1. Where residues in the range 523-545 are open to solvent by less than 30 Å² (accessible area, probe 1.4 Å) and outside any loop (DSSP other than H, G, I, E, B), which of them is nearest to residue 601 (Cα to Cα)?
2. Could you tell me which numbered condition residue 419 fails, if it satisfies all but one of (1) of a type in the set (A, V, I, L, M, F, W, C); (2) in a strand (DSSP E or B); (3) touching a His at 6+ places or on another chain (Cβ under 8 Å)?
3. Looking at the range 623-632, which of its residues are modelled with pLDDT under 95 and not polar (S, T, N, Q)?
4. Restrict the check to the range 144-151 and report whether at least one residue is free of Cβ contacts under 8 Å to residues at least 40 places away in the same chain, under 30 Å from residue 205 (Cα atoms) and touching an Asp or Glu at 6+ places or on another chain (Cβ under 9 Å).
5. Among the numbered conditions (1) in a helix (DSSP H, G or I); (2) β-branched (Val, Ile, Thr); (3) closer than 25 Å to residue 350 by Cα, tell me where residue 97 comes up short.
6. Considering only the range 278-312, how many residues are in a loop (DSSP other than H, G, I, E, B) and either open to solvent by 10 Å² or more (accessible area, probe 1.4 Å) or among the aliphatic types (A, V, I, L, M) (or both)?
7. State yes or no: is residue 79 at positive phi and under 20 Å from the mean Cα position of the chain (by Cα)?
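The values are calculated or read from the model by the stated rules, or taken from the named source; none is laboratory data. The model shown is predicted, which means the values in this text are computed figures rather than measured ones. FYI the Cβ positions are ideal-geometry reconstructions off the backbone, even for glycines, and counts take in every protein chain you see. Side chains are part of the model used for accessible areas, which takes the heavy atoms of the whole protein and leaves out ligands, DNA and RNA. Shrake-Rupley method; radii C 1.70, N 1.55, O 1.52, S 1.80 Å.
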Amino acid sequence: MPGSHYLLWHLLTFISAWLPLAPLLITTSSKPSMNNDIEFSRYNFDVVVIGAGGAGLRAAVEARQAGLRVAIICKSLFGKAHTVMAEGGAAAAMGNVNDNDGWKVHFRDTMRGGKFLNNWRMAELHAKESPDRIWELETWGALFDRTKDGRISQRNFGGHEYPRLAHVGDRTGLELIRTMQQKIVSMQQSDAKEHGDAEKYLKVFAELTITEILKDGDKVSGCYGYWRETGDEVLFESPAVVLATGGIGKSFKITSNSWEGTGDGHALALKAGSALVDMEFVQFHPTGMVWPPSVRGILVTESVRGDGGVLTNSEGKRFMFNYIPEVFKDKYADNEAEADRWYKDQENNRRPPELLPRDEVARAINSEVKAGRGSPRGGVYLDVSKRLPADEIKRRLPSMWHQFKELADVDITEQPMEVGPTCHYVMGGVKVDPDTAAAYQVPGLFAAGEVAGGMHGSNRLGGNSLSDLLVFGRRAGAGAAEYVKKLASNRPAVSDKEIARAHSHLNEPFTRDGNENPYALHDELQNVTQDLVGIIRNEKELIDALVKLESIRKRAAQVKAVGGRAFNPGFHLALDLENMLLVSESIARSALARQESRGGHTRDDYPKLDPNWRTINHLSKWSGKQVEIDPAKSQMLPAELIEVFEMDELKKYYTEAELAKGGN
């Protein structure tokens, strides 16, 4: 079938990136340790990074450059991170295409996109530091597309005022991972020359899952997990753990996420005693494939719209002109003529509404489909064939052309694509310190990338994810290194009690009495979240979702893994299911608590944005029995950043009392 060729192509891409590194990356088991008849392999590192996407690899590089011994733990193959699905580019205000761009404009766009619920300090750091991180990638070997005068090319994207996304065709995430992999290998090669051992200071553990953060009192002492191939248990002793585990998409039925996106880091942080922030905000990317069913949800990059693609309904009308929110009407064209002129004259025309922030576009598509104006398969049409010549489409969007040709037998140089919303990203995540990425209330725990919350507020702009990974991955690695060095020899210890606790939890799928099937429960969980906690929410459905989630949780305690530990996907899913339940409950409870509509959270019983709710961030905490929601006061912008915005705009988002104070 056509899809098999596409999947094979992706597999070969990952393998080709990984195989040349194999001599340096193959892990050798330490001598088995015993603890009260518990057999496990034991490793000792200064910093353990859980996750080998962009954030994890950048954190590992920074910690290693600080002179520390670092472990990189990868749930899948090294190189097969969800980072590769960020296809359109990395947002950084370098001003290569339009020199009016700058960090303040990028900051302003990010805050607008997040409906001003963003942690302003994270948004500020991100806007200021993204250009340096992109230029750094280039010095490490990244091959970006170029402008005619040889600078890094930048493209338009939804919510960004100027062309800002540094890109490599529509395969930017893959290039980022390739570059970071090579940086890891080059550091290992340097260690081999200097120390005689390539893995002495930097070691990759591929296909290994972490199930528990270990603590000594309130401080992190390590983590515990297992090899996915054999089921053998592994202990990592380390005073610092960086979570870089990505997203939660597999909690939903229709998602762009791969099988790894089960909210592992979110759940690890909750169980370790930290908190998640803003979990009600889930981004449904407006354009995922809708046909055939086997590939429903696979991402269709925003680059298609950035390069001129238009959205139409079954009547052939460009419907986005009908869905421009009041707060954006001065920035987006309300007619086709002006929207089309913008591509050639951006100084004198407003932007096409197809480039509105993702939350706005996803809701518009959802509304068109519900009104009966959708495509035959439940989406809408996205067409770039009338905007660009065929050879230009293949040059700019090679992955999209191949994806639709192989999977749907659609030639996007001649035909429109059918697209619809797909669960793509979660804005909520571990509450962290903006400067150090240190996790809330758990010394020694750090988080970066999608698993960390705050940076994007209620909605993420496309392209901000890749630069987020680099900026805060670096800060997490630096924060962990500084923390470890301050500990000196006074490091937390891993107790026998902690090992026994982690071992017991890991083996519960085999020791329980019960006969529940993890696959059936996962399917049920996905239906609940998709149907009741999806794009449009209301009180009745959210309460219903929580009742059903509690029922699934009770039955999940009776899940039994059949067979042995080796090569047992049922065993893996039984453990992943716990994480997805924690994440789903956090989303549902936070969504029920927020009685307004903002960004990636839409309530049809509270359809308006309310400035009073901007003052509140919801913290999700685990009591041991259920997720509890703790409202926390959000930060006001400082006076020097208030000046970036027009006061009339701020009045739409902030209360009069906040603005009267003149800043934080």
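1. 537
2. Checking residue 419 against (1) of a type in the set (A, V, I, L, M, F, W, C); (2) in a strand (DSSP E or B); (3) touching a His at 6+ places or on another chain (Cβ under 8 Å), the one that fails is (3).
3. 624, 625, listed by residue number.
4. There is at least one residue in the range 144-151 that is free of Cβ contacts under 8 Å to residues at least 40 places away in the same chain, under 30 Å from residue 205 (Cα atoms) and touching an Asp or Glu at 6+ places or on another chain (Cβ under 9 Å).
5. Evaluating residue 97 over (1) in a helix (DSSP H, G or I); (2) β-branched (Val, Ile, Thr); (3) closer than 25 Å to residue 350 by Cα leaves (1) as the failure.
6. Residues in the range 278-312 being in a loop (DSSP other than H, G, I, E, B) and either open to solvent by 10 Å² or more (accessible area, probe 1.4 Å) or among the aliphatic types (A, V, I, L, M) (or both): 8 in total.
7. In short, yes.
Let's see how each residue does on (1) open to solvent by 20 Å² or more (accessible area, probe 1.4 Å); (2) without any contact (Cβ under 8 Å) to a residue 40 or more places away in the chain:
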| site | (1), (2) |
| --- | --- |
| 347 | yes, yes |
| 354 | no, no |
| 374 | no, no |
| 392 | yes, yes |
| 401 | yes, yes |
| 406 | yes, no |
| 421 | yes, no |
| 425 | no, no |
| 431 | yes, no |
